[in-house]
1. When the dipole is taken about the Cα centre of the chain, and only Lys, Arg (+1) and Asp, Glu (-1) are charged at their Cβ, what size is it in debye, to the nearest 20?
2. Once you order the gyration tensor axes a ≥ b ≥ c over the Cα atoms, which shape class does region 43-163 get: rounded for a/c under 1.5, otherwise prolate or oblate by comparing a/b with b/c?
3. Using the alpha-carbon atoms, what tilt in degrees (0 to 90, nearest 10) does helix 248-260 show relative to the longest principal axis of the chain?
4. Compute the acute angle (0 to 90°) between the alpha-carbon long axis of helix 219-235 and the principal axis of greatest extent of the alpha-carbon atoms of the chain; round to the nearest 10°.
5. Would you compute the Debye intensity of region 111-260 from its alpha-carbon atoms alone, equal scatterers and no solvent, and pass along log10 I(q)/I(0) at q = 0.17 Å⁻¹ to two decimals?
6. Name the residues whose placed amide hydrogens come within less than 5 Å of the amide hydrogen of ILE56, ignoring near sequence neighbours (fewer than 5 apart) on the same chain.
7. Sorted from fewest to most neighbouring beta carbons within 10 Å, what does the list ASP6, ASP139, ASP174, ASP214 look like?
8. Run the reach check for LYS125 against lysines, Cα to Cα strictly under 30 Å, same-chain hits fewer than 8 apart removed. What comes back?
Amino acid sequence: MFLVSDSRGDTARQLVRAAAVQFEGVRYRTVLRANVRTLKRVQSIVGEAQRSKAVIFYTLVNEDARREMRRCARQAQVSCVDILGPAFSALHHLFHRKRGHTPGLLYALDREQIDRMDAIDYTLKHDDGQRPHELSRADVVVVGVSRASKSTTCFYLASAGVRAANVPLVAGLDPPEELFEVPSRKVVGLRVEVSRLLAVRGARAFNLRLGERDPYIDRQAVVREVAAANRLMDDNGWRSVDVSYLAVEEIAREVMRLAHGGSDRTPA
C-alpha cells in the first residue's frame, strides 16, 4: 500500500492502520511518500505503485495534484482511495464555501503535540545507547556514567518536544562509533561527584543485593570510572554540567542551554 501525502502522511497512516487491523492475520507493507506537491511526483508514484501492484491511499489538498492522481491511476489501472475527498464534499455542502488548498495545515495546528509525541517515541527507542545508528536524528545526545540521571533528563526533555538520546559511558568499553560522528555541540556530558554517585548507586545496589566489592559501588573502581568518563568528555570537546545536586528540571534546562544556546522548547 502506498500512502501519499502533501504533508507528513499521518492522516493516511492512521486511517489505513485503523482499517487494516480488522483483517487479522494478513501481512502487508506500507510505503510512505510524503510532501508530494508536484504533478511529476504524482506521476512517478503511480508508476511505482503499478510496478508493485499496490493500492494507493492519498491525502492531497491541491486540486491539480488530486486530479492528476485520479487521471494517472485510471490510466495505469492502479486502485486508489481518495481519503479526504468525501469529507471535502460533505463540508463544502455544509459550510457553503470553497475550501483552501494549503498542505500541512493540520500539522501546523497540532505541531506542538505532534512534536512532543515524536520526541517521546524517539527517546524511548534511543534510551541507554539503543539504536546508535540513529543518533544523528537527535536534537541532543546526553552521555555519562550509570546513575548520572541520563534517562530521566532525556524523558523530561522529550516531554517538551526535544528528541533526546542518551549513551552510557561504561568503564572498559568504547562508546559506539556513531557517537563520535554527532556534532560535538549536540553532545552534553553529565558529570557527577564520586561521593554523590556512590550514594545514588548504593540504594540500587541494595535492591540488587550487590556485594561491597562489586565494581558498581567499589569506591576506587567508581573513581576510575568517573575519571575516564570526564576525560572522554574533555578529549572530544563535549560540553558538560555537574548534576551532583541538581533537580532533573535544572539539568534539562542546562543541557539545552549548552546544546543549543537556549531554545523555545527548553522546559520551563
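No lab work stands behind these numbers, since they all come straight from the coordinates. If you're wondering where the values come from, they're calculated on a predicted model, not measured in any experiment. Note that we place each Cβ from the backbone using ideal geometry, even for glycine, and neighbour counts take in every protein chain shown.
1. Once rounded to the nearest 20, the dipole reads 1180 debye.
2. Oblate is the answer for region 43-163, as a/c is 1.5 or above yet b/c matches or exceeds a/b.
3. So the inclination is approximately 70 degrees.
4. For helix 219-235, the angle is close to 50 degrees.
5. -0.93
6. HN-HN under 5 Å from ILE56: PHE2, SER79, CYS80, VAL81.
7. So the residues, fewest neighbours to most, are ASP174, ASP214, ASP139, ASP6.
8. Of all the lysines, those that pass the test against LYS125 - Cα under 30 Å, at least 8 places apart if same chain - are LYS150, LYS186.
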